[in-house]
Every structure is written in C-alpha cells, then in structure tokens.
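Read through the structure below, which is laid out as structure tokens, and then see the notes.
The values are calculated or read from the model by the stated rules, or taken from the named source; none is laboratory data. Worth saying up front: this structure is predicted, and the values here are computed from it rather than measured. Every residue, glycine among them, receives a Cβ derived from its backbone with ideal geometry; neighbour counts consider all protein chains shown. When the accessible area is computed, the model is the full protein with side chains, heavy atoms only, and any ligands, DNA or RNA have been set aside. Shrake-Rupley method; radii C 1.70, N 1.55, O 1.52, S 1.80 Å.
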Amino acid sequence: MIVRFIDWLKQWPRTVRVLSLVAAAAIVIWSLAAVDTHHAHTWVEQHIPGFWAIFGFLAASVLIFIAGWLGKCGIQTREDYYDR
Amino acid sequence: MTGSFIHPALIMIAGALLLPFIRGPFRKPYLCLVPILAFCDVLYLNQFPGTYGVITFMDRWTLVFGRIDNLSTIFAFIMALMAIIGTIYGLHVEDEWQHIAAWFYVAGSLGVIYSGDYLVLFLFWEMMAFASTFLIWFNTDKDALAAGYRYLLVHTFGGVMLLFGFVLRYQATGDLSFSLLDEHNTQLYTWLIMIGLMLNAAVPPLHSWLPDAYSKASITGAVFMCAFTTKTAIYTLARAFAGFDILIVLGVVMAIYGIIYAILENDIRRLLGWEIVSQVGYMVAGVGIGTALAINGTCAHAFAHILYKGLLFMGAGAIIHCTGQSKLTELGGLYRKMPLTLLFMVVGGISVSAFPFFSGFVSKSMIITASFESHLYWAAFLLTAVSAGTFLVAGLRLPYLIFFGASRCTPATWEKAADPVWNMRLAMWIAAFFCLLIGSYLPFLYSMLPHADVAFHPYTIPHMAETLQILAFTALAFYFLKGRLAARAAISLDLDWFYRMAGRGFLWLAEKPLQWLDTAWGAAYRVVGLVSLMTIARFSAWFDWNGIDGVVDGTARFVQGLGGRISVLLQKGQIQMTLYYAITFVALFLAAYVWL
Amino acid sequence: MLFLPELTILGAGLLFFLLTLGQPSEATIKNCASAVAAVILFTCVLCVNQTGNLFYGAYRVDLFSQIFKILIAAATLVVFLFGNGLKGIKQDSRPEYYLFLLVSNLGLVMLVSSVELLAIFIALELSSFAVYIMVPMRTTATGIFFQMEAGIKYLLFGVMATGFMLFGMSYIFGLTGTTSLDGIAEQLPILANRPAAVVAMLMILSGFFYKLAIFPFHFWVPDVYEGAANETTAFIAAVPKMAAVALLIRLTSLASHQGEMVLNLLMVCSILSMFYGNLSALVQKDLKRMLGFSGIAHAGFILLGLLTFKLTGYASAVYYIVGYALMNLACFLVICQVAAKGENLGISDLSGLHKRAPILALTLTVALFSLAGIPPFVGFTGKFMLLLGALREDHLLLVTLAAINTAIAIYYYLSVVRMTFCSDSNGLGNVQTGFLANSLSLILVTVIIVMGVAPSWFVALAESAIKTIL
C-alpha cells in the first residue's frame, strides 16, 4: 500500500512540487492573517511578519553551509583514516 | 509497603541469571516475561513514593537502593518500558549472553535511577558501563573490538572521575547522599562529579564515544544503548546539577555540535548517534535552566526521546540487519523493498522533528519555552534553529537518502533487502504507537512529570504556526540545497582523534619501553646472572679438574710432608721441647691479644 | 594444643614421606592429599581461640596468627582440591611434590606465629626452599623446559632478598641487642632517628617485599609464574602472599615510628609496583604471566593499606589480600581445568569458553571483574576501603595514582572476559569438568560476592585480630 502510494506520487512530480509550495505558502499566509503574535516572547516575533518561516529557512541553510564549510576545512577525511 | 520492596533491577538480574537454564520453546515467552515483570514492579513502586531498601554497609555508610520520588518515577517508567520494547526487538537473537548483557545494562540503569546515595549509584553506574561494553563486543565486525575498548576507556575514565568526586565530597562533608549540589559553593569535587556524569550524557568535549560506540554495537545492543546511558545520565544531572548555568551553555553547544556532525555523516547509526548528542543537548540545557518548567521539559523530552530514538535505531538496525549495509552511500531507493521500515523511520523522524501530534512537539517546546521564560533568548533561538536542523537531518535527509533518490545499492544488497522479522516489526509498532500517543494524548505524559503544578499547553495557535512555518521552510531549504546534503563516503574527525592517537601512543609506551625494560632485565639477568653463573660453573669445573685437584693433591702431598716434617720437628717425643713450644704459642697469643 | 596445627602438618609431611618410599597409586596420593589438607584446616579451626607463647617467647599463638593459619590452610585445601590430578607435575615425583608443599605450608604457618627475628628467618626459609624445589618439578611432557630456569631465578632472587633481610636483622640486633619483636618495639622509638635503624627495618621488610612481589623485588614473578606448573603457580600466587602480609603488618607496625622516610619509601614502592605491574600486564599474551604482573600491581595496592600505619588500614590490607587470594584461586582453578595437560594457557586459548564450560566461564568472569575492582565483588570493596583509608591520611596523590591504575587494570581483565564470551570457540573442544571443580568454583564465586557485599563481618574480625598485636 505504501509502495503503491509513493509510486503514484512519483508519477506526478510536478504536481507534488507545486502542491507542497502551495501548502508552505498557505501556512505563511495563515500565520500572517490569523495568528495573534502580540503575546509572543520577543520583539522580532511580534513585529516581523512570517518571522519563523524566515528563521527556519535561514537556520537550515546556515547549518548546511557551516557543516559543508567545516567538512571542507578538514574535518571530513577518507574512510580508512584510522586504519593506517 | 516497606516489606514488599522488590527492586526492579533485581528482577532483571535474576531473570538474566536464570536465562541460560530456560531453553527451547520456553525461551521466547520467558524473554518477554522478565521485562514485563520489571515494568509491573516499577508501576507498582511508583504508586508509593518514599525511601526503601535502606541498608547499613559496614556500620558506616547508609545505602539507599530505593528512592522513589516524582523525579525517579518517570525515568524508571520509561526505562522499564524501553526494556520491554528492546527485548521484543531482539527476540530473534539466539545467543543468550546478549540478552543477559542487555538486561544487566537495564538493571544498572534502573538501579541508578532508584539509588539514593553515591555508593549505590556508582555500583549500578559501573554495571551499566561494563554491560554495555559487551553489547558492543557482541557485534562481530572487526571494528567493534577496538570500538568497545575505546568505549571502555572513556567510561572507565568517567567512572574514576565520579568515584573521585564523591569520595572527595565524602571526605569533605561526610555525606554520601546523592542530592542537589550547591551551585554557589562549588568545590573540586562538584566539578569531578559533574564531569563523571556529563561524560555519560555525552556532553562535549566528552561526547565522542557515543557515535563511535553506537555505530559499532550489535544491532539489538545499539537499540538498548541509545536509550539508557545518556538518559540515565540526564536523570543524574537533573538530580544533582539542576540550575547550574554552565550546563545551559554546554547544552546549546552540544545541540549545535551534534546536528552539524549529523549533517556530514554517512553511517546511518553514527548519524543517529550524532542526533542523540544534539537532542540530549536540549535536555542538558533544560537541566541548566533548572526552573520547574525546564525540568518538566527535560523529563518529558527524555521520555519522548527514548521512544522515538529507539524507533529510529530499530529502523536503522532493521536496515542493517536486512541489507548488511550501514552507509548511506551503499543504500538508497529502498522504499519498494522495505515500506514498513520506511513508515517507522518517518514516524521516528517526524517525532524527533517535533511535528504536531507527535511526541517531540509536546516535549521539546517545553524546554524552548522555559528558556524564553527565563529570558535566555540566545539559547531559545539557537535551540529552535537546531530543531530546524533536526528536521533537516532525521526527517528529510535520512529517509531521502535511504529510501528515495537513486539506488546506490549493489545488486546483492538490493536482493537481500526486505522488511524485518515479526518481532522487530512488533517492537517498532509499539514504539511508533507511543510516539503518536504522547503527542496526541497529553495527559499520558504530562501526568507523570515531576512538577505537577506547572501547566504547559503546546497546542496553541501561535505555537502551531511557529512550528509549521519552521518545518515548511526547512523543507524548502532542503529542496534547494539537497545537493549539498548528498551522502559522501567519508568520515568526520572528532575529538576521539585525540584518544585514538593517545591510545596508540599509550600502548606503544606500555609495549615498547616497559616490555623492553622487562626483556632487557631478563636479558641482563641471563647475561649477568645465568651466563656468569654458567661461566663460573665452567671455570670451577676447569679449575676443579686442573687446579683444585692439582692443588689438593699438591697440598695433600705438602701437608703430608709438612705434617711429617712438623711431627719430625715438633713431636720428637722430648717433653722439655714440647712444653717449650706450647708455652711459646700461648705467650704469642697473649701478646697478640694485649697488643691488638 | 598450641602447636597442634603445626604438628598436624608435620605429621602429614611424614605421611607423604612414607608414601614417597613406596609405590602408591594415583588415587591414594590424591585422596591422602585432600584428606590431609582437610584435617589441617580442621585443626587450625579447632585452635582458633588458643593463645600462648612457645619456645621461650619466640613463637606466639594469638588470634592474629590463628586466623592467618586458617586462611593459609583453607587456601591450601583449595589448591589441593582443584589441582587434584597434578597434571603439570612429573608423574614419579607427585608424592614428593605434596611433601614439599606441606613443608612450605609448615613454614608459612610458623611464619605467622613467629615473633622473633631468627624464628621468622627460619620459618621464611623453610617455606621458601620447599617452593624453590617445587618449581622445577614441572613435567616436561607439554614441551615446556624453562621450569629449571624459573626455579633458579626464583632461588637466586630469594637468596638476594634473604641476604638483605639477614643483614637488616643483624643491624637491628646490633642496635637493640635483642631479636624478639617485643624488645625491638620497645627500643625502636628511641632509635627512631638513626639512619641505621631505618636502613635495617627496610632491609628486613625487603624479605617480605620479595614474597609479596613488590617493586623492586618482583623480577622473579613473571618467569616463575610462567615456568612453574599451574598448580604451583596457584599456590605461589595465593598462599605465601597472605603470610607475607601478616608479617608485613607485624613489621610495619614496628616501623611506624620512623616517620616520613619509611612512609615515602613505601609510597614509592607502592606506586612503582602498581604502574609496573599494570602497564606490563596490558601487553601480555600468556594468561599466567598476565596474572603475575597483575599480582605485582595488587601487591602495590596492599601497601596502600599498610602505609597508613592504622588499624583500619591494616584490616583493609588483610581483607584485600584474602580477597585477592580468593580471586586468584578462582582464576587458577579455571586455568587448571582448561589446561587439560597442564600446559600454559594463552589468553586466546580461552576463546568461546562460555560454550565450552559455562560454569568455568562464569567463575573466571566473576574473578576477573573482582580483580578489576568492579562492584559488587570483593575486589571493589577492598580497593574502595584501601583508597578511602589512604585518603583519610591525606595521601591524595597516591590515591589519585592508584585510581588511575585501577582504570588501567580494567582493560586487560576485561579483554580476557571478552575472549571468553564474545568469540567463537575456534574448534577448541569442550572442557571436561568434574563435580568437584564445579562446586568448588561456585563456592569461590559465592564467597567473592558475599565478601564483597557484606564485608563488615570479616573486617571486624581482622580488626580484632590485629588489635592483639598492635
């Protein structure tokens, strides 16, 4: 059942992509329109619209880039490093 | 109830000791029965808070085996529950020693949780360390042996630190009870105890053992290990170090550190291990914040974490068990072959990523809210950022690289891959059920939390909006950057580099100079001792042959001759002459004595 | 009655002397040996409450000596029982072997009662010489030929240590004019600051350092452990060490007035023993050799109790050495059973032991865990008490180094345990174990656990015994 569902999704890659983007947009619009942020803990949450969306995107990207950069700096190495 | 205190650890140990005698068709029911009994015992004990099992040891020390209060009950509950799930997961394992080691490990954890003083704590602490070492060694991979030794090295170090800490504390205060330490009056022993406990919680820089060991342990062993060591350590930290500010910093560092390494990782169990480091970072930070809400959050997160991380490790174990591969570079596209495993991994992944209605959502947010309420905004924002990273790694990268995308499997791996045996599936069903239960039915978890007076409501609209935004846009970032997250056949150097190299140096030291000294001593001994002895022997033989005999013969002849001459000279039979000689000798002696 | 245990041993020795004259069957020798050892233990227990002086005050029977006699007799009984077949000893010299073992036993039993320097010397030599002879009695059938070398080494080192000891004794005699320990105890505080007295005391101690294998008198250990037959090694590893600790307690209680100098020297010896033993043991492949090196380390640990010069420290040392003897006996029991022909065992020969002989594997595991100082076994409790006692005397550095050593030691012990549980048997066959060996190993395991969990009874007994000599 699970396999069939995934295969069915895979037949419509474009639609899935568009639907996902629409869902993300809907979430942002919903939080802009309907969520009361006046009782939030910090100034940024109260005054920047869609703050957490920006935050999530930036956090993920920054983590990915930091990890990639650290990996290139020499943290990542060949697999048999300890075996020599 | 005092009379009927039966320690659940005792049930596990007794069960383990009897296990070799239970064979054939009784084995599997028995394997299920023992942890269930221990679980029932825990349920029963948790109804009667108090102090039990107090024993006076050597007339000097009071040992407390059963301290049942609002903090220990929740931890004992989840540990006992996880013991059932883990045992079911390993039901197919024939080798009874693996079960015995695992049960001793569980017993150690339960013992630590119920212990009321440092001696009992240490007893069970060491039991955990050694039993879990064997869980690594039961893996037959070639690396497992070395990994077990490294694990042992680190935990022995931690144990020694802990021992030192509480002995020094006992020396200073005469107190062995395991209780909250004073943050404003820290001594050397405070830090030593903290190091000992933090090592088991894998707080950087004492964390490298975790991904190293958990990726090398046997499949069922890893399922047990991922639940018990770190979370038991969190319990002890919450008990002794609640409100220590340094733990907030360490916890946040830990959360970030773990997630960055998890992004780079190629081995699936190492990746999950790094994520444990990251998630335990939340709990360490929660302990450091130390408010009622934060402690509640720590306990709730530990509870939820054991279940979803257990589920993820079971899924990873199933993949390794069924494909023989543990590297992302050797997997991919497996959803066709292992759909159920995919389902469980996704449930685990979205639980850890704090999707609404799954367990992480109701526990993780408690710690973050606690840090907002304590005005620790930097900690709160960084922890939120890490939760985005968690979703990135466990919710997106891991399932994507194992189950979707291009298949990097060899034909043999592909052929082998299938959903695992029934008992593994059953264990995963149970864990997945609890992940959903915790997230959807709040009273189940929240009624067990230590500070019942603090209310927390996760399902508010701003909170939902916040979470959904973060998740959606993390997914978006993943979509754009997934090329950067691809699996690479590489390992990441970590602080274990130091002790791996130091271990080599140390062994070299033990082997070369000391062995050399010993050999040299033996050689010197042989040369100076035995050779000289033999030389002397040979010489004396020669001497005996050529010298002594000649001398003896000669002497004999000489003495004979001398005797003859003396007797001729002295013993002529003339009495006046003999008397004269005798008196002369006596006079000579007397003169000699007077003179000297 | 005071001398009954000694007379019994002497009589037993005579019995075996008579046996050596005839051509007794294997079974006769075995049964005689076990029966005799049991009788000796019985008489020792019978005489436990005796007190009195013999031989013009040179020989004292008190609770201290009697308890050690029981311990020695019990350990000997265990060695006799599990070394039942004497597989490692030349067939034609087995009665003689028992004869010498009993003579050595007699020496040890007399040693713990001796309170006069010459009596101590004679008893020590009596016990040593018999063991020197026992070492080369190993059979050459297993292809091991260095037992002669081991015997000679043992002898030469013994001679050296004895020389030192005699020299020290003569100094003490010269300084105090008496050879009885009581007389010396009266005189020594007056002489406390004389370097000669310090040197003399240390020289006397060196004789027992040799028995206990403390740095720098330990060099014989690995070779003798490896070269001697498994049964002989079991005896050497367990029994004389108990007597040595008894005498060291008697002597260090005399030396306690001499303050810093002796203390520092004991500390240095203790630390060096621990490090030398543990570091060397890490790299050993031969099981007995490893146990030998670990024995050096444990001897260093025992010094930790002695150098407190306190009642509790001494009691902990007694507790520890008894525990150590038990653990070692358990290890050697396993070695003797697994080595079917009396050969030496490498650590790899234990692979898959949990399948080949589960009870032996369990025994070995418990013994090694205990040696490693893992709770709740006797080794942990002993180490804990020793460390706490030393800490109470503010020897923080010493305790730190000792704790580091405990950590090092865990490695090589656990690597043996790993070998027995986590490896396949590699085609090694099952180990035949008799009912006797099985029940004996279970008894040892039980005692190791019980003593570890409930040490207070034994420690109280040791304390009351030591009180009689302080």
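Which whole-angstrom value gives the distance between the alpha carbon centres of segment C:374-434 and segment B:131-183?
Cα centres, segment C:374-434 to segment B:131-183: 14 Å.
Kirkwood-based Rg over Rh for segment A:38-84 (C-alpha set), two decimals? Don't skip to the end; give the middle numbers.
Details: Rg = 18.5 Å, Rh = 13.6 Å.
Over the Cα atoms of segment A:38-84, Rg/Rh equals 1.36.
Take every Cα-Cα distance within segment B:6-46, group them into 10 Å bins from 0 onward, and report for each bin the whole-number percent of pairs it holds.
With a bin width of 10 Å, the distribution comes to 31, 50, 17, 1.
Amide H of B:Asp267 versus every other amide H placed in the peptide plane: which residues, excluding those fewer than 5 positions away on the same chain, fall under 5 Å?
The answer is B:Leu328.
At 20 °C and 1.002 mPa s, grab the translational diffusion coefficient of segment B:296-408 from Stokes-Einstein with a Kirkwood Rh over Cα pairs, rounded to a whole number in µm² per second. Write out the running numbers ahead of the final one.
On the way: Rh = 14.8 Å.
Translational D for this selection: 145 µm²/s.
Determine by what factor the alpha-carbon radius of gyration of segment B:99-206 differs from 2.2 N^0.38 Å, reporting the quotient.
Details: Rg = 15.0 Å, N = 108, 2.2 N^0.38 = 13.0 Å.
Output field value: 1.15.
In whole angstrom, how far apart do the alpha carbon centroids of segment B:281-327 and segment C:115-131 sit?
After rounding, the separation between the Cα centres reads 65 Å.
Treating the Cα atoms of segment C:333-387 as identical point scatterers in vacuum, please give the log10 of the normalised Debye intensity I(q)/I(0) at q = 0.12, 0.21, 0.31 Å⁻¹, two decimals.
-0.34, -0.78, -1.16
Based on Cα coordinates alone, diagonalise the gyration tensor for segment C:130-183, multiply each eigenvalue by 5, take square roots, and list the semi-axes in whole Å, largest first. Walk me through the numbers before you get to the answer.
Values: eigenvalues 277, 22, 4 Å².
Gyration-tensor ellipsoid for segment C:130-183: 37, 10, 5 Å.
Based on the inverse mean of 1/r over its pairs of different Cα atoms, what is the Kirkwood hydrodynamic radius of the protein assembly as shown, in Å? Walk me through the numbers on the way to the answer.
Numbers: mean 1/r = 0.0301 Å⁻¹.
Result for the protein assembly as shown stands at 33.2 Å.
Scan around B:Asp117 for amide H atoms under 5 Å from its own, H built in the peptide plane at 1.01 Å from N, and keep only partners 5 or more places away or cross-chain.
B:Val64, B:Phe178
Starting with the highest mean, order C:160-172, B:102-114 by the number of other Cβ atoms within 10 Å, averaged over the residues of each peptide. Intermediate values should be presented prior to the final figure.
Details: C:160-172: 18.6, B:102-114: 28.4.
Per-residue Cβ counts within 10 Å, averaged per peptide and sorted highest first, yield B:102-114, C:160-172.
Near the amide H of C:Ile374, under 5 Å away, which other amide H atoms are found, from residues 5 or more places off or on another chain, if H is placed in the peptide plane?
C:Phe380
Starting from 0 in steps of 5 Å, tell me what percent of the Cα-Cα pairs of chain A lands in each bin.
The percentages, shortest bin first, are 3, 11, 11, 12, 11, 12, 12, 13, 9, 4, 2, 1, 0.
If we restrict to alpha carbons, what Rg and Dmax does segment B:219-264 come to, in Å?
Both quantities, over Cα of segment B:219-264: 13.2, 37 Å.
Along each of its three principal axes, how wide is the spread of alpha-carbon positions in segment C:140-224, in whole angstrom units, largest first?
Largest to smallest, the principal-axis extents are 58, 20, 17 Å.
Other chains' Cβ within 10 Å of B:473-483 residues: what's the mean?
Values: counts 14, 9, 6, 8, 9, 4, 4, 4, 6, 1, 0.
The shielding value for this peptide is 6.
Sorted from largest to smallest, which semi-axis lengths in Å does the alpha carbon gyration tensor of segment B:52-108 give for its equivalent ellipsoid, taking the root of 5 times each eigenvalue? Mind showing how you got there, number by number?
Details: eigenvalues 179, 57, 5 Å².
Its equivalent ellipsoid spans semi-axes of 30, 17, 5 Å.
For segment A:34-50, just list the computed ³J(HN,Hα) in residue order, Karplus coefficients 6.51, -1.76 and 1.60, θ = phi - 60°, integers in Hz, with x standing in for Gly and Pro.
10, 9, 8, 9, 6, 9, 5, 6, 10, 4, 4, 5, 6, 10, 9, x, x
From the alpha carbon gyration tensor of segment B:1-240, can you work out the equivalent ellipsoid semi-axes (sqrt of 5 times each eigenvalue) and give them in Å, largest to smallest?
Working: eigenvalues 164, 109, 38 Å².
Each semi-axis is √(5λ); the values are 29, 23, 14 Å.
Going toward the positive end of the dipole of the protein assembly as shown, with +1 on Lys and Arg Cβ and -1 on Asp and Glu Cβ, which of C:Leu428, C:Val39, C:Met290 do you reach last?
C:Leu428
Counting only other chains, and only Cβ atoms inside 10 Å, what mean value do you get across the residues of A:46-57?
Values: counts 0, 0, 0, 0, 3, 2, 12, 10, 3, 9, 18, 11.
Mean shielding by partner chains, rounded to a whole number: 6.
Quick check: convex hull over the Cα atoms of segment C:63-165, volume per residue in Å³, rounded to an integer?
Working: hull volume 9.0 nm³, N = 103.
Convex hull volume per residue, Cα atoms: 87 Å³.
Can you run phi through the Karplus equation (6.51, -1.76, 1.60; θ = phi - 60°) for segment C:24-37 and list ³J(HN,Hα) in whole Hz, with x for Gly and Pro?
Using θ = phi - 60°, the values come out as x, 6, 3, 4, 4, 4, 4, 5, 4, 4, 4, 4, 4, 4 Hz.
Each residue of segment C:125-134 in turn: what ³J(HN,Hα) in whole Hz from Karplus with 6.51, -1.76, 1.60 and θ = phi - 60°, glycine and Pro shown as x?
The phi angles translate into 5, 4, 5, 6, 4, 4, 6, 4, 6, 5 Hz.
Applying a 10 Å radius around every beta-carbon, put B:308-318, B:376-386, C:307-317, B:353-363 in order of their mean neighbour count, most first. Each step should come with its number before you reach the end.
On the way: B:308-318: 28.8, B:376-386: 20.9, C:307-317: 23.4, B:353-363: 25.2.
So the peptides B:308-318, B:376-386, C:307-317, B:353-363, ranked by packing, come out B:308-318, B:353-363, C:307-317, B:376-386.
Take peptides B:133-145, C:210-222, B:295-307, C:110-122 and line them up by average Cβ neighbours within 10 Å, highest first, as a rough protection proxy.
Details: B:133-145: 20.9, C:210-222: 24.7, B:295-307: 27.5, C:110-122: 22.7.
Top of the packing list down: B:295-307, C:210-222, C:110-122, B:133-145.
On average, how much accessible surface per residue is there in the protein assembly as shown, in Å², for a 1.4 Å probe, leaving out ligands, DNA and RNA?
Details: 43570 Å² over 1150 residues.
Normalised by residue count, the accessible surface of the protein assembly as shown is 38 Å².
What's the magnitude of the charge dipole for chain C around its Cα centre, counting Lys and Arg as +1 and Asp and Glu as -1 at the beta-carbon? Answer in Debye, nearest 20. Working shown, then result.
On the way: 23 positive and 21 negative charges, 117 e Å.
Dipole about the Cα centre, nearest 20: 560 debye.
Enter the mean number of other protein chain beta carbons within 10 Å of the beta carbon of each residue in C:437-444, as an integer.
Working: counts 0, 0, 0, 0, 0, 0, 0, 0.
Taking the mean over all residues of the peptide, I get 0.
Treating segment B:187-291 as a set of equal point scatterers at the Cα positions, no solvent, please give the Debye-formula log₁₀ I(q)/I(0) at q = 0.15, 0.18, 0.19, 0.24 Å⁻¹.
Log10 I(q)/I(0), no solvent term: -0.56, -0.78, -0.85, -1.24.
For the charge dipole of the protein assembly as shown, defined by +1 on Lys and Arg C-beta atoms and -1 on Asp and Glu C-beta atoms about the Cα centroid, which residue among B:Gly174, B:Ser72, B:Val252 has the Cα displaced farthest towards the positive pole?
The listed residue farthest towards the positive side: B:Val252.
Taking the Cα centre of chain A as origin, sum charge times position over the Cβ atoms of Lys and Arg (+1) and Asp and Glu (-1), and report the length of that vector in debye to the nearest 20.
Numbers: 7 positive and 6 negative charges, 76 e Å.
Dipole magnitude for chain A comes out near 360 debye.
With only Lys, Arg, Asp and Glu charged, each at its Cβ (+1 for the first two, -1 for the last two), find how big the charge dipole of segment C:359-470 is about the Cα centre; round to the nearest 20 debye.
It comes to approximately 40 debye.
Tell me the volume per residue, in Å³, of the convex hull enclosing the alpha carbons of chain C.
Values: hull volume 57.8 nm³, N = 470.
Given the Cα convex hull of chain C, per-residue volume reads 123 Å³.
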